[in-house]
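Comments concern the structure below.
The values are calculated or read from the model by the stated rules, or taken from the named source; none is laboratory data. These figures come from a predicted structure and were not determined experimentally. Quick reminder, even Gly has a Cβ in these numbers, built from the backbone with ideal geometry, and neighbours come from all protein chains shown. Note: areas computed on protein heavy atoms with side chains; ligands, DNA, RNA excluded. Shrake-Rupley method; radii C 1.70, N 1.55, O 1.52, S 1.80 Å.
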Amino acid sequence: MGNPFVVVYKVSPVTYAIAKQVVKVAHVAMVNLIAGKRIVPELIQDDFTAANIVQQMEPLLPDGLLASP
């Protein structure tokens, strides 16, 4: 649809550990599940950091939008 986005999920460590044992999927984002491959970036649990968000979003945004003042 032309709308860039990054999927992020972070839950409690206990919830994540349980879910990881119960749910066996290659992706968690609905668009990636439907496509059967990675269409949009997913930052899950410990990968969900400010640095990783910037790294994933920079290529999607117009030049200079994330630049510091």
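For K20, which aspartates and glutamates qualify as cross-link partners when the Cα separation must be under 18 Å and same-chain residues fewer than eight apart are set aside? Answer for K20, where 18 Å is the Cα cut-off: E42, D46, D47, listed by chain and number.
For V8, the amide hydrogen comes within under 5 Å of the amide hydrogens of L43, counting only partners 5 or more places away or on other chains and with H modelled in the peptide plane.
Compactness ratio for the chain: Cα radius of gyration over 2.2 N^0.38 Å (N = residue count) comes to 1.29.
In whole percent, and with a 1.4 Å probe on the protein chains, what portion of the accessible area of the chain is carbon and sulfur? C and S atoms contribute 63 percent here. Given the options P62, I18, V7, identify the residue whose Cα lies farthest towards the positive end of the charge dipole of the chain (+1 on Cβ of Lys, Arg; -1 on Cβ of Asp, Glu). Value computed over the given set: I18. Over the chain, accessible surface divided per residue gives 79 Å², non-protein components excluded, 1.4 Å probe. Measure nothing but the geometry: give the 0 to 90° angle between the long axis through the Cα atoms of 13-22 and the longest principal axis through the Cα atoms of the chain, rounded to 10°. Rounded to the nearest ten degrees, it is 60.
Once both labels are positioned 7 Å from their Cα atoms along Cα-to-Cβ, the gap between F5 and T49 label points is 2.5 nm.
Under the convention that each Lys and Arg Cβ holds +1 and each Asp and Glu Cβ holds -1, the size of the dipole of the chain around its Cα centre is about 360 debye.
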